[in-house]
Amino acid sequence: MSTLSNTRWPAARLLASRPEVLDGWKTGRQVEDLEEAIAYQAAIPQAKRFSIALRVADPAGETLVQPRAGVCLVKEHINLLQALEQEGQADLLPTTIDSYTRHNRYADAQAGIEESTHSGHSHLNGFPAVNLGVHACRMVTEAVERPIEVRHGTPDARLLAEITLAGGFTAFEGGGISYNIPYAKSVPLERSLLHWQYVDRLVGLYAEQGIEINREPFGPLTGTMVPPCISNVVAIIEALLAAEQGVTSITVGYGQCGNLYQDVAALCSLRQLCGELLESRGHGAVHLSTVFHQWMGGFPPDEAQAFGVISWGTVAAAFSGATKIISKSPQEALGVPTAEANIRGLRCTRQVLSMFKEQQPLATLEIDREHDLITLETRQLLNAVERLGAGDLAVGTVRAFQSGALDVPFAPSREARGAVIPVRDLHGAIRILEFGNLAVDSEIKAIHRAFLEERAQAEGRAVTFQMVTDDIYAVSKGRLVGKPRSQRSTMGRRMP
Amino acid sequence: MSTLSNTRWPAARLLASRPEVLDGWKTGRQVEDLEEAIAYQAAIPQAKRFSIALRVADPAGETLVQPRAGVCLVKEHINLLQALEQEGQADLLPTTIDSYTRHNRYADAQAGIEESTHSGHSHLNGFPAVNLGVHACRMVTEAVERPIEVRHGTPDARLLAEITLAGGFTAFEGGGISYNIPYAKSVPLERSLLHWQYVDRLVGLYAEQGIEINREPFGPLTGTMVPPCISNVVAIIEALLAAEQGVTSITVGYGQCGNLYQDVAALCSLRQLCGELLESRGHGAVHLSTVFHQWMGGFPPDEAQAFGVISWGTVAAAFSGATKIISKSPQEALGVPTAEANIRGLRCTRQVLSMFKEQQPLATLEIDREHDLITLETRQLLNAVERLGAGDLAVGTVRAFQSGALDVPFAPSREARGAVIPVRDLHGAIRILEFGNLAVDSEIKAIHRAFLEERAQAEGRAVTFQMVTDDIYAVSKGRLVGKPRSQRSTMGRRMP
Amino acid sequence: MVNVVLGVIGTDCHAVGNKILEIAFRDAGFIVHNLGVMVSQEEFIAAAIETNAEALLISSLCGHAEIDCRGLRERCIEAGIGDILLYLGGNLTVGESDFAEVKQKFTDMGFDRIFPPGIMPEDGIDALRADLRGRGLELEIPDV
Amino acid sequence: MVNVVLGVIGTDCHAVGNKILEIAFRDAGFIVHNLGVMVSQEEFIAAAIETNAEALLISSLCGHAEIDCRGLRERCIEAGIGDILLYLGGNLTVGESDFAEVKQKFTDMGFDRIFPPGIMPEDGIDALRADLRGRGLELEIPDV
Ligand code: B12
Ligand code: B12
């Protein structure tokens, strides 16, 4: 494997590794002719280009709505997307990829396709774009009127990118950190970063031909109490790495933590700091936008309660001024939602967004304080990464995860130390209980500790891992901060 | 009719008119023995006393949840309330009275009861407590574990109060203004004020015997773009009138307008000003609490959108620190909700409340500004009422409505001028387009005008009644501020 | 010029839709006699006779339409205005129910048009124009 | 001392429940061998043999349980641990479905216990204690 550094790949490097990539599955042959793919993309109407929708919405202060959705069979998937854009009035569409494809297990995906074809309903948790191939992708992208993004969780997404871009998708989610650490167990980070440089460089090649593909680092990571500085620094690193490979439209994302002030501050800090860094590193031409993910942790099984969670996320998104919001469905806790449930999530989201739309932005002292804190923490983390990489962000990232200077809580990957343990403070903001080797200074650690002591005192118990467990279950049981058993309300009853 | 003045009725006055009141319907005889009623109330466990629940929740910063619900038949109504307290986890229960009873048309209510008994489901839009009588009321109040309030809309609620208090209800909504102007067409205000003095005095008599009954002026009035100063001044007047008759537990209410800052400011101003006035007029011993009503105007017919409206109202209630919230159901636009739909409204409300619960209160410049404005307006209105009444609040109220110094928009009653026309400003706050004779000064009028010009300019159209109509439909069509036809989103499509 | 009588029947006090309907029908060129809320059957019929109205536009929001409207067509016939158009709109029954059933019930009671909850005034206006045209009456439509 | 093997099967990467189950079962007195996420059938069986485990506690959240678990019981039998307890929990199918059907399907595949989405660890612990007792194994319950 070639060594990793944050420098733009010569086109030749990508073209040299292409044959091997396309060999990954038989449909790879369909994209051998990159010129044809670019010509196909060039003919896509403006209204279906993801980056244009974002470039229009962002200055207008609009928040666009996008669901998650993907099923196994082409016809079924088209019906689903059409329902989401027509009845659900989604502004932006997704195509969520199944998890065999995410792990390049195309033979397993094939089995899922056959099983699904046989039974008539989806046995895969997403759309197996690689197996279905370019033609199927084009059927999908041609069947709808709005822009579609490929959403997945794939450490090695090179073949997926080749096929879906040739297939007419105009946005591609993911990144070498965010699609490895939360989504895999033993993929070396160096390898996934290299594979994502390939993807970014491919997008850069398209860009050189005048085709803008939007790229979106996956903000929420494990979706479970991720401290904002951690998700923000990952998003910023991936944005900078992508820009280096020639990506021109980037959407950085953030998953709702639940405390309104922290959420608003986190997204604003992310936008500001990322914009500043892109600018100062010579990527000022990149169009930067933001995405807010409604609650990414465990949902309440009750649909009415789930609607409450969806709405609360929308409130925070609206206040944070995100360019787009990713909506959840009221069936989140149960399983991949039906089209109908997904549409209900969209309609609820839209209602809250539009009722808020004209209102004044939220400006409070708490937001300012959180904003300053998050920005400071994020800068410290980023500085540590650069220091460890001796100025190289990609190399620094690998070393930072090795040493624990960077870490992601609850990550399945062995590439993350998993030493950071987050917990909520008295007001529900995410703080850090155990820092491991996380590269923030002692002042910041003291601030977090003080917040936690405040909660401990209020709850009359010590800060222990029990609090963390309580917090993990809290939202699904009807609240934000996990209370000691004795203080729990009756709403969160055990399931039968 | 005896003349009206805001002075405490001698007990004898009430007792003298009692026989005539009890003669209103045959069940009146059941309450002849007031001592028995008081003894019955005295035996009700503390956990079922409304005012105690409020006295506990208020200092703890808890927001209690209460739905609206009432059906015709006793058994059915009991099932409904039990479902609401068990599956819905309502903290406080309602018994909503049907609209024949509200107009003292007991014969019509009787026909409704018979029809309902016959068909097995409710043909009345509420619980006909007078016709069903004391025993039925006691069956209801004994069948549940939480406090229950009588909720209605009755200009002359004397008999209803006698029967339901004897029946074990521990809270009673309404007031001489708020249960006349929005609920009747031609009941003289002087008469309804007198009739409500009777009710308040009756509650005062109970209080003298150590039985505290909570009283709640109906805050939202017509539920349709009521400017906060108008609903606040009505609530304050009714609170002062009630306190004068010896009421010791009062909950003043407010119906959501939709702009978060205005809503938070309005409820806070209401609590502050009302507390101050009760205090300064010698009613400092009254326990004052607040209630926030989720959106009281037209709802979207789509349930998912309705959940969004319910949640947004809950957010505002939570931020405003209301002692209780009255929840709506996702079927609001369609008809009296089933128990199941009502429970879903409760669960969604609870989820949002509990996720917000621990978070810091909202403090913004906008809130401060609205708070000051609303307080100033409300004081001006109240001063005008007292001036017109030559110091007597009750007399002043009658005269203020006659002259239009006080007015309620969209009211069906001929007792209100109906000259005030409200409309939303650019940010969705309710402002006043036409003041009629409303007793606020020219400075305030200029402030409102300036807000409206700002919107007019932004929308490129003049401030006309068309804006008002657009605003009235807005929430049910998916937004807060009604846009000109050309600028409307596609969400709000015509119903088939 | 076509006269119509508008009002909310029974003990129903919902006034907002009524005010909007008045404006909408007036702007559409009708002469609207709005009786407001809480109108009895007798008041509706008296007003119809007095104004020589082509239609009674009745709202019922509170759920008591069935009880409140019972016998209205018969009373119109008795009063000599048996062929007047009877329109009914609002939330007609208590609770959510199948609109087809609701429609049948009120059609059987002699109503010409029945509208589901939450419609826009234009739906009623279009219907009334069509029905009048069917009766050979054409409404001059004002410039809006 | 009772050994159990814990893990998330297939390509499933959901790690949060797994971490909590590890703690809960350990706190309940079991010796937990947690294989983490993305565990193949072969790895489960090898670990069970190596640790002499009484039960395989398998999670599947991502919806692919049916494909990923197929043949597991048979492979256990082949490997000589045919009577090991097989537990399965999580979001087992793609999409919401009738749990009774789901349960039947996995029971037929040889699983001893099947848990619906979102249960608390205690539900699994109670069940395992009961099943072990049924097999004559009593677990010393630690003081908590
Ligand atoms: C605002 C409101 C109130 C206000 C009314 C203030 C006032 N005086 O106007 C207050 C708070 C006082 C109130 C009181 C009550 N209300 Co109310 N109210 C509403 C609410 C939220 C909005 C109504 C409204 O203003 N809509 C906006 C206007 C513009 O629309 P509209 O009224 O539907 O009218 C339009 C169309 O229906 C149509 N239309 C109507 N009539 C006609 C007629 C013709 C011929 C045509 C062509 C068209 C047409 O055109 C109109 C304009 O677009 C509705 C629920 C909803 N829709 O969300 C409940 C609702 C109508 N109320 C209801 C009830 C039951 C009551 C009460 C009896 C209390 C109770 N038990 O809950 C009391 C009424 C007491 C009484 N005496 O009547 C129920 C009716 C239930 C049912 N039918 O099953 C509803 C549906 C709420 C619910 N889901 O329970 N209410
Ligand atoms: C957080 C989350 C993620 C995070 C996971 C981060 C991580 N690495 O852990 C991220 C964002 C990365 C993610 C990714 C995906 N997710 Co996900 N995710 C969730 C979510 C929101 C919460 C899961 C969670 O952490 N819950 C909290 C823990 C404590 O609970 P738990 O996992 O349910 O486990 C408890 C119980 O189930 C039980 N239990 C579980 N197993 C067992 C076993 C035994 C023996 C016993 C006794 C008990 C037991 O005990 C546990 C502790 O209480 C759920 C939906 C929800 N529940 O709200 C979706 C969900 C599980 N994800 C889903 C899917 C499909 C995916 C993806 C495939 C993407 C996609 N197509 O949408 C990818 C996975 C790719 C892959 N390779 O697997 C679906 C599964 C659908 C289905 N089965 O029909 C869900 C249900 C969401 C949905 N409605 O679509 N996800």
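Values in this text are rule-based calculations from the coordinates and carry no lab data. Since the model is a prediction, treat every value here as computed from it, not as a measurement. All Cβ positions, even for glycine, are placed from backbone atoms using ideal geometry, and neighbour counts span all protein chains on display.
Any idea what angle helix B:260-280 forms with the longest principal axis of chain B, computed on alpha-carbon atoms, 0 to 90 degrees, nearest 10?
Around 50 degrees separate the two axes.
Given q = 0.11, 0.19 Å⁻¹, what are the Debye log10 I(q)/I(0) values for chain C, with equal point scatterers placed on the Cα positions and solvent ignored?
Debye output, listed in q order: -0.36, -1.15.
Got the relative contact order for the range D:3-134 handy, in percent, Cα pairs under 8 Å and 6 or more residues apart?
Relative CO of the range D:3-134 lands at 25 percent.
In peptide C:3-10, what is the residue-averaged number of other protein chain Cβ atoms found within 10 Å of each Cβ?
Working: counts 0, 0, 0, 0, 0, 2, 0, 5.
Shielding by partners across C:3-10 averages 1.
Calculate the dipole size of chain C relative to its Cα centre from +1 charges on Lys and Arg beta carbons and -1 charges on Asp and Glu beta carbons; express the result in debye to the nearest 20.
Value, rounded to 20: 60 debye.
Between the range B:114-146 and the range A:453-468, what's the alpha-carbon centroid distance in Å?
48 Å
So what is the diffusion coefficient of the range A:259-371 in µm² per second by Stokes-Einstein at 37 °C and 0.692 mPa s, using a Kirkwood Rh over Cα pairs?
On the way: Rh = 15.2 Å.
Once the numbers are plugged in, D ends up at 217 µm²/s.
By per-residue mean of other Cβ atoms within 10 Å, what is the highest-first order of D:90-98, A:337-345?
Top to bottom by mean Cβ count within 10 Å: A:337-345, D:90-98.
Could you work out the helix-only [θ] at 222 nm for chain B, with each DSSP H run of four or more residues adding -39,500 (n - 2.57) and the total divided by the number of residues, to the nearest 500 deg cm²/dmol?
Numbers: 17 runs with 244 residues, N = 496.
Counting only the DSSP helices, I get -16000 deg cm²/dmol.
How much of the DSSP beta bridge set in the protein assembly as shown is antiparallel, as a percent to the nearest 5?
Among the beta bridges of the protein assembly as shown, antiparallel pairing accounts for roughly 10 percent.
Please give the helix A:228-244 orientation as an angle from the longest Cα principal axis of chain A, in degrees from 0 to 90, rounded to the nearest 10.
It is inclined by approximately 20 degrees.
Across peptide A:357-367, what mean number of C-beta atoms from other chains lies inside 10 Å of a residue's C-beta?
Counting Cβ atoms of other protein chains within 10 Å of each residue's Cβ and averaging gives 6.
What is the diffusion coefficient of chain B in µm²/s, taking the Kirkwood radius over Cα pairs and the Stokes-Einstein relation at 37 °C with a viscosity of 0.692 mPa s?
It comes out at roughly 145 µm²/s.
Taking the Cα centre of each part, how many Å lie between the range C:56-108 and the range A:343-401?
Between the Cα centre of the range C:56-108 and that of the range A:343-401, the gap is 58 Å.
Please get the size of the charge dipole for the range A:11-355, origin at its Cα centre, with Cβ charges of +1 on Lys and Arg and -1 on Asp and Glu, quoted in debye to the nearest 20.
That gives the range A:11-355 a dipole magnitude of about 240 debye.
Could you tell me the center-to-center distance, by alpha carbons, between the range A:4-33 and the range B:227-284 in angstrom?
Taking the Cα centre of the range B:227-284 as reference, the centre of the range A:4-33 is 70 Å away.
With N residues in the range C:94-144, what two-decimal value do you get for its Cα radius of gyration over 2.2 N^0.38 Å?
That works out to 1.41 for the range C:94-144.
What ratio of Cα Rg to 2.2 N^0.38 Å holds for the protein assembly as shown?
The protein assembly as shown yields a ratio of 0.99.
Can you give the angle from 0 to 90° between the axis of helix B:465-474 and the longest principal axis of chain B, with both taken from C-alpha atoms, to the nearest 10?
So the helix axis and the longest Cα principal axis differ by about 60 degrees.
Take every Cα pair under 8 Å in the range B:11-355 that's 6+ residues apart, average their separations, divide by the length, and report that relative contact order as a whole percent.
Reported as a whole number, the value is 18 percent.
Determine the relative contact order of the range D:64-144: mean sequence separation of Cα pairs under 8 Å and six or more apart, normalised by residue count, in whole percent.
About 27 percent, as a whole number.
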